[in-house]
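Please read the structure below before turning to the comments.
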Amino acid sequence: MLQVKVAPSILAGDFARMGETVKRLENCGADYIHCDVMDGNFVPTITFGNQMIEHIRPYTTLPLDCHLMVLHPDTRLESFARAGANIVTVHVEECREFTLQTLRIIKNYGMRASAVINPNTPVEQLFDCVEVADMLLLMSVHPGWGGQKFIPATLQKIEALRDFCVRNGRPELDIEVDGGITEENVRDVIAAGANVIVAGSTVFRAADMQATIRRLHGE
Ligand code: DX5
Ligand code: ZN
């Protein structure tokens, strides 16, 4: 069984207090800090960019897991590497035939490389990346906003992707799932084969953040 990691998304946090927020998430047992970078073009919302990553960097030793929902992510990789990002995830929908090359560039910068697909993109579009990627991400909501409902068809995609990884020599590859994850559905997500759990609203609305993060580990 792969170790389950929880990556709270700071999208659901208070943007005026991000330093304290990431410190608090670390103290409450988070494994990664999931940073949703949105440019207002790839998705309608604008959140933050490499400067936010640079500013929160001193507040935590946890890996900063940067999910780039931006046009031309390949032009942004150097700035995220300089800012202190540890994991960079790019959308296959935006990189298209350049996804593998983009993953290799991310790795050359010393960061962990990951690719992601939207709910309407077939899971087969990630198969080429299995050999090169350090992690693969499946969106379980349409990107752009927190607080949406988990799309149940994601469970079959997780199973298909884990199965492909097992059959192709990468049984240990991290599979991350992002969107609508709750204390109720997390066990199904883990049972299907995912091991990196992103959660925004569930963590930030929790009465007891530490207990919620513990339960999101499937414990
Ligand atoms: C959506 C983002 C998610 C979002 C998840 O575009 O990629 O990371 O923050 O938020 P919840 O957990 O509230 O669905
Ligand atoms: Zn995300």
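The values are calculated or read from the model by the stated rules, or taken from the named source; none is laboratory data. Quick caveat: nothing in here was measured; it's all calculated off a predicted structure. Backbone-built Cβ (ideal geometry, glycine too); neighbour counts: all protein chains shown. Only protein heavy atoms, including side chains, enter the accessible area calculation; ligands, DNA and RNA are left aside. Shrake-Rupley method; radii C 1.70, N 1.55, O 1.52, S 1.80 Å.
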- Taking r as the C-beta separation of LYS23 and HIS217 and R0 as 25 Å, the FRET efficiency to the nearest 0.05 is 0.80
- Query: Considering the Cα trace of the stretch 5-216, what is its radius of gyration and what is Dmax, both in angstroms?
  - Reply: 15.7, 46
- Extension reserve of the GLN156-ASN118 stretch, reckoned as 0.36 nm per residue once the Cα distance is removed: 12.3 nm
- Task: Please pull out the direction-averaged projected area of the stretch 1-125, using the convex hull of its alpha-carbon atoms, in nm² to one decimal place.
- Result: 8.3 nm²
- Computed ³J(HN,Hα) along the stretch 175-186: with the Karplus parameters 6.51/-1.76/1.60, θ = phi - 60°, integer Hz and x for glycine or proline, the list is 10, 9, 10, 9, x, x, 7, 10, 5, 7, 8, 4
- How many percent of DSSP beta bridges within the chain run antiparallel, rounded to 5? 5 percent
- Message: Out of all DSSP beta bridges in the stretch 61-145, what portion is antiparallel? Express it as a percent rounded to 5.
- Response: 0 percent
- Query: What is the gain in length, in nm to one decimal, between GLN101 and ASP134 on full extension, counting 0.36 nm per residue of separation less the C-alpha to C-alpha distance?
  - Reply: 10.5 nm
- Message: As I understand it, the dipole of the stretch 5-216 uses +1 on the Cβ of Lys and Arg and -1 on the Cβ of Asp and Glu, about the Cα centre. Which of MET18, ILE46, GLY200 lies farthest toward its positive end?
- Response: MET18
- Task: Would you please give the residues with an amide H less than 5 Å from that of ALA115, counting only those at least 5 places away or on a separate chain, with H modeled from the backbone geometry?
- Result: VAL90, MET135, LEU137
- Item | Under the Karplus curve 6.51 cos²θ - 1.76 cosθ + 1.60, θ = phi - 60°, whole-Hz ³J(HN,Hα) for the stretch 201-213, x wherever Gly or Pro sits | 4, 4, 6, 7, 8, 5, 6, 10, 4, 5, 5, 5, 5
- Please turn the phi angles of the stretch 147-153 into ³J(HN,Hα) values with the Karplus equation 6.51 cos²θ - 1.76 cosθ + 1.60 (θ = phi - 60°), one per residue in order, whole Hz, x for glycine and proline. x, 8, 8, 4, 8, x, 4
- Message: If you average the alpha carbon positions of the stretch 61-88 and of the stretch 118-144, how far apart do those two centres end up, in angstrom?
- Response: 17 Å
- Query: Put THR75, THR121 in order of accessible area, largest first, 1.4 Å probe: what do you get?
  - Reply: THR75, THR121
- Item | FRET efficiency, 1/(1 + (r/R0)^6) with R0 30 Å, evaluated for GLN51 and TRP145 via beta carbons | 0.85
- Go ahead and run the numbers for FRET between THR75 and ASN168, Cβ-Cβ distance against an R0 of 41 Å, rounding to 0.05. 0.85
- Task: Determine the distance separating the Cα centre of the stretch 24-49 from the Cα centre of the stretch 177-200; give it in Å without decimals.
- Result: 17 Å
- How many nm separate the modelled label positions at GLN210 and GLN3, each set 7 Å beyond the Cα in the direction of the Cβ? 2.1 nm
- Message: At most 15 other C-beta atoms within 10 Å and a DSSP loop state: those are the exposed trypsin sites (Lys or Arg not before Pro) I care about. Give me the longest piece of the chain that has none.
- Response: 1-148
- Per residue, how many Å² of accessible area does the stretch 5-216 show with a 1.4 Å probe? 44 Å²
- About its Cα centre, what dipole magnitude does the stretch 5-216 give when the only charges are +1 on Lys and Arg Cβ and -1 on Asp and Glu Cβ, stated in debye to the nearest 20? 360 debye
